[in-house]
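J.: One structure, as structure tokens, below. Some questions next.
Any read-out appearing in this document is the output of simple, stated calculations on the displayed coordinates, not a laboratory observation. Treat the numbers as computed from the prediction; the structure is a model and nothing was measured. Using ideal geometry, Cβ is built from the backbone for each residue, glycine included, and neighbour counts are taken over all protein chains shown.
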Amino acid sequence: MLINPGRLWSSIMEIAEIGKIPGGGCRRLSLSPEDGAARDLFARWCREAGCTVEVDAFGNMFAIRRGIAESDRLVMTGSHLDTQPVGGRFDGIYGVLAGLEVVRTLNDLGLQTDRSVVVANWTNEEGARFSAAQTGSKGFAGQVSREEAYRLRTTDGLSFGEALNQIGYAGDGGPRPEQLACYLESHIEQGPVLEAAGKTIGIVESAQAARWYQVAVTGETRHAGTTPANRRRDAFMAASAFAVESRRQLLGMDPDIRFTIGRMELGTNAPNTVPGQASFTIDMRFPEDQVLNLAETLLRDVLSEVDQREGTRSRLQTTHLVPTVRFDADLVREVEVLAGDKGMRLSSGAMHDACAIAAIAPAAMIFVPSRDGISHHQDEWLEPSDAAIGADLLYKVIESKAKAATPLGSV
């Protein structure tokens, strides 16, 4: 093993202290003060490792270890430092710090690379605070404009642009998409497949399609005690009927469709008032885009039927769309060869920044096991030994792609 396992683990645990919550998890919502503090620490570590740190208009951070061929294309790795509201210590963070460990290991070994090596921290991958996930990586890839990103708002009204300025991470630097030779992302699996198979490395071939929706239901706000059942236009009951019926029909279409309503808000939110407004999110995923096309039609039909029955008016709006991603076959094969018998091929059920970058450059992912498949929760756990094996594999792939063969001081 070439990387330093203890240093990697220590760095992960130190970042985990920022935004620490009871139970051992983390709450570092994107562009919050906690996210800003984690960014500051990461930037300091990168500079101490000899990197130049640049920030682009989306707040994406790029730690650049310059290669000999300055004009040559870049080898990039990374992930994200932001978490879910009740998140774990490894989702996203592992990939960022595994990338930093690659840089530190190149320094330890006294190696210069032909190509520059870049470690990225992408902004708002989770989409928990600003409801459009992968904002930074999609912005870098040209799939979201700066204007679109800056219009995103938190539930308390703060805009993406205002939040960037508040923590001091609104920039105008960073590499250009056309400079990328390839992109590799290390990540915890967030599922049970590797653990069940007794494997340490997941070689990710693809990622399933995902779509997010925002639904607004409008009824009538009325007194809970004086309004008869047949005179009510209850937005919550309409939303509930939609949820139950949609789930039933979607599972009938295909039992592997993932349908989740993760957030619901009521307009009045009072115990003795019939709610006149309800707003909720939908997260829907499946490996094939055409199945999600049919599923979306089904959702709209169910919503229309519920409105007619309940006397409500509803609007369904798409807020985030990720098509099925196939990662670069040659890069996947290279990861597989270096992983040897520790690895197995699999598909990702979750969205990742690599999914956005795959549209503009050869990309691949390396998974390491999640205990019991738990993620987006404070019980999320990655064994230190598995963290080290995954980071060591990342180092070997990046060393190969960046052509690390020149001892420092010999050029």
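J.: What is the fewest-to-most order of Ser279, Ser71 by other Cβ atoms lying within 10 Å of their Cβ?
T.: With the fewest neighbours first, Ser279, Ser71 line up as Ser71, Ser279.
J.: Still on this structure, please answer the following. Taking the Cα atoms only, what angle lies between the long axis of helix 329-339 and the longest principal axis of the chain, rounded to 10 degrees?
T.: 60 degrees
J.: Could you give the Stokes-Einstein D for region 235-381 in µm² per second, using the C-alpha Kirkwood radius, 20 °C, 1.002 mPa s?
T.: In µm²/s, the coefficient is 117.
J.: Ok, one more. Could you tell me what a quarter of the Cα convex hull surface of region 100-204 works out to, in nm² with one decimal place?
T.: For region 100-204, the mean projected area of the Cα convex hull comes to 9.7 nm².
J.: Semi-axes of region 210-322's equivalent ellipsoid from the Cα gyration tensor, sqrt of 5 times each eigenvalue, largest first, rounded to whole Å?
T.: With the √(5λ) rule applied to region 210-322, the semi-axes are 28, 13, 11 Å.
J.: A follow-up question, please. Towards the positive end of the charge dipole of the chain, with charges on Cβ (+1 Lys, Arg; -1 Asp, Glu), say which of Gly202, Pro271, Thr226 has the farthest Cα.
T.: Looking along the dipole axis, the top candidate is Thr226.
J.: Another question, then. Only Cα pairs under 8 Å and at least 6 apart count here; give the relative contact order of the chain as a rounded whole percent.
T.: 24 percent
J.: How would you rank Ser348, Ser304, going from fewest to most other Cβ atoms within 10 Å of each one's own Cβ?
T.: Ranking Ser348, Ser304 by Cβ neighbours within 10 Å, fewest first, gives Ser304, Ser348.
J.: I'd like the orientation of helix 235-253 relative to the chain: the angle between its Cα long axis and the longest Cα principal axis, in ° from 0 to 90, rounded to 10.
T.: Between helix and principal axis, roughly 60 degrees.
J.: Oh, and also: 5 Å is the cut-off here: which amide hydrogens, built 1.01 Å from N in the peptide plane, fall below it relative to Gln112, excluding neighbours closer than 5 in sequence?
T.: Amide H neighbours of Gln112, under 5 Å, 5+ apart: Ala405, Thr406, Leu408.
J.: What dipole magnitude, in Debye to the nearest 20, does the chain give about its Cα centre under +1 on Lys/Arg Cβ and -1 on Asp/Glu Cβ?
T.: So the dipole magnitude of the chain works out to roughly 700 debye.
J.: Can you give me the orientation-averaged projected area of the convex hull built on the Cα atoms of the chain, in nm²?
T.: Mean projected area of the Cα convex hull: 20.5 nm².
J.: In the chain, what % of DSSP beta bridges are antiparallel (nearest 5)?
T.: Expressed as a percentage, antiparallel bridges in the chain total about 70.
J.: Next up: So how strong a dipole does region 210-322 carry about its Cα centre when Lys and Arg Cβ are +1 and Asp and Glu Cβ are -1, to the nearest 20 debye?
T.: For region 210-322, the charge dipole is close to 420 debye.
J.: How far is the Cα center of region 40-93 from the Cα center of region 318-348, in Å?
T.: 21 Å
J.: Let me ask something additional. Output ³J(HN,Hα) for region 189-196: one whole-Hz value per residue in order, computed from phi by the Karplus curve 6.51 cos²θ - 1.76 cosθ + 1.60 with θ = phi - 60°, and x for Gly and Pro.
T.: 5, 6, x, x, 5, 4, 4, 5
J.: For Thr268, which sequence-distant residues (separation of 5 or more, or a different chain) have an amide H within less than 5 Å of its own amide H, given hydrogens modelled in the peptide plane?
T.: Gly276, Gln277
J.: When the convex hull of the C-alpha atoms of region 199-253 is computed, what volume per residue in Å³ does it have?
T.: 173 Å³
J.: Quick test of your reading: applying the under-4.7 Å Cβ rule, which cysteines of the chain are isolated?
T.: Those would be Cys26, Cys182, Cys355, since no other cysteine Cβ in the chain comes under 4.7 Å of theirs.
J.: Once phi is turned into θ = phi - 60°, what whole-Hz ³J(HN,Hα) does the Karplus curve with 6.51, -1.76 and 1.60 give for every residue of region 83-89, x standing for Gly and Pro?
T.: Residue by residue, region 83-89 yields 10, 6, x, 10, x, x, 9 Hz.
J.: Rank these for me by crowding, Val96, Val244, going from fewest to most other beta carbons within 10 Å.
T.: The order, fewest Cβ neighbours first, is Val244, Val96.
J.: Also, quick follow-up: Cα axis of helix 5-16 to longest principal axis of the chain: angle in degrees, 0 to 90, nearest 10?
T.: Long axis of 5-16 versus the principal axis of the chain: about 30 degrees.
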